């Protein structure tokens, strides 16, 4: 099979392979080569590839109704909203297509709330190394190096604090501040978890100052940390939460959740052509129901602990700097900038490839399916060790 990709817009360097099939933790390319997938679409495929429950939901809903228009209610939209609110501290849900769109909606909701209740306050404190999406506003909210000038002028109103430094947050609060937005674990920033004490202090501070606490759970939500939502690790109740990636398990679905006190949109304020699309929300229902099955999240915690042990063993054997993360979102801290080389070597392994991610050159990030087997976790560690021995 010859690969001719001239019609696909160039936005990133892609290897010369085309994936044609997927099953669980495995992908197959156009030449029949198999790969153990520890990317899973950047933590998107929380139930792996070709999940039977998701497929059944898609097929069943596709035969009933696909798009009645967001001007009307539909059954899967209502069911998924109820599933999310009954298992969280939130009361209202707006569905979207991507995490960036959900975060854009969260920014708009916070600013509307500030207009109504805080004399027009609009600034949202975000964090260095944070990542909130690729729209102009969410890039401005992100703390990724260079993003403040890539598409300048940026959207104003996003002063940057330092994660796990409550004093850096306090210094930025003024009469224009309407909220604080953060990822419970900074994913693109290198899998950096928030400290428990910091999160408790942040919740207390935002309540004292009457400003909103907004959690971006696009990557940490939907079981990734071993809790249904990452902020539940800290025993706090935010005012706004966004979901993406895992909520659709591979289909384009995201959500903005808020408490009744904050859900202040009026007709015309917010919308979207595919808001609450029944085909996507039917899949979302299947995903959430599977995550809530008895023992599922306990297994995520147990497998996360096993992956941690495997990574610490690798770290000790090769003189690295340990690991960090929560649940099945983890990083191996390398002691030099060899991450991209490891990723390349892993993908090119024969006869079976390994798909890894290096968001920073001095670490590897692991985002396997939440239902991955212990044997597959062990297989990854063995393959990674083999690569590292070759590189020594």
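The values are calculated or read from the model by the stated rules, or taken from the named source; none is laboratory data. Keep in mind that what you see is a predicted model, and the values were worked out from it rather than measured. Don't worry about glycine lacking a Cβ; one is built from the backbone with ideal geometry, like all the others, and counts go over all protein chains shown.
So here's what we get for this one:
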read-out	value
Extreme residue, surrounded by the fewest Cβ atoms within 10 Å (Cβ to Cβ), among residues of the stretch 326-356 that are over 24 Å from the mean Cα position of the chain (by Cα) and over 23 Å from residue 26 (Cβ atoms)	336
Residue count for the stretch 313-325, restricted to those that are at negative phi and either under 21 Å from the mean Cα position of the chain (by Cα) or in contact (Cβ under 8 Å) with a residue 60 or more places away in the chain (or both)	6
Residues located in the stretch 34-52, provided they are over 17 Å from residue 293 (Cα atoms), out of contact with any strand residue (DSSP E or B) (no Cβ under 6 Å at 6 or more places or on another chain) and surrounded by fewer than 24 Cβ atoms within 10 Å (Cβ to Cβ)	41, 42, 44
Hits in the stretch 232-248 - residues which are over 13 Å from the mean Cα position of the chain (by Cα), buried (at least 22 other Cβ atoms within 10 Å of the Cβ) and not in a loop (DSSP other than H, G, I, E, B)	240
Residue in the stretch 351-361 that is touching a strand residue (DSSP E or B) at 6+ places or on another chain (Cβ under 9 Å), outside any strand (DSSP E or B) and in contact (Cβ under 8 Å) with a residue 24 or more places away in the chain present	yes
Filter result (within 20 Å of residue 290 (Cβ to Cβ) and touching a helix residue (DSSP H, G or I) at 6+ places or on another chain (Cβ under 6 Å)) within the stretch 63-92	76, 77, 79, 80, 83
Residue among 290, 316 that is part of a helix (DSSP H, G or I) and closer than 24 Å to residue 228 by Cβ	290
Qualifying positions in the stretch 110-121 - within 29 Å of the chain's Cα centre (by Cα) and part of a loop (DSSP other than H, G, I, E, B)	121
Which listed residue, of 310, 279, 228, is over 22 Å from residue 70 (Cα atoms), over 20 Å from the mean Cα position of the chain (by Cα) and in contact (Cβ under 8 Å) with a residue 12 or more places away in the chain	310
Criterion violated by residue 167 - all others in (1) touching a helix residue (DSSP H, G or I) at 6+ places or on another chain (Cβ under 8 Å); (2) without any contact (Cβ under 8 Å) to a residue 12 or more places away in the chain satisfied	(1)
Residue within the stretch 86-99 that is exposed (fewer than 12 other Cβ atoms within 10 Å of the Cβ), modelled with pLDDT of 95 or more and out of contact with any strand residue (DSSP E or B) (no Cβ under 9 Å at 6 or more places or on another chain) present	yes
The stretch 166-198, residues that are farther than 28 Å from residue 120 by Cβ and in a loop (DSSP other than H, G, I, E, B)	184, 187, 188, 189, 190, 191, 194, 195
Residue 346 being in contact with a strand residue (DSSP E or B) (Cβ under 7 Å, 6 or more places away or on another chain), part of a strand (DSSP E or B) and touching a residue at least 40 places away in the same chain (Cβ under 8 Å)	no
Leading residue by the ranking (farthest from residue 209 (Cα to Cα)) among those in the stretch 122-165 that are assigned to a helix (DSSP H, G or I) and over 20 Å from the mean Cα position of the chain (by Cα)	150
Test: residue in the stretch 372-387 that is surrounded by 16 or more Cβ atoms within 10 Å (Cβ to Cβ) and in a loop (DSSP other than H, G, I, E, B)	yes
Qualifying residue in the stretch 255-271 (condition: at pLDDT 95 or above and closer than 23 Å to residue 305 by Cβ)	no
Verdict on residue 299 being more than 21 Å from the chain's Cα centre (by Cα) and either surrounded by fewer than 18 Cβ atoms within 10 Å (Cβ to Cβ) or not in a loop (DSSP other than H, G, I, E, B) (or both)	no
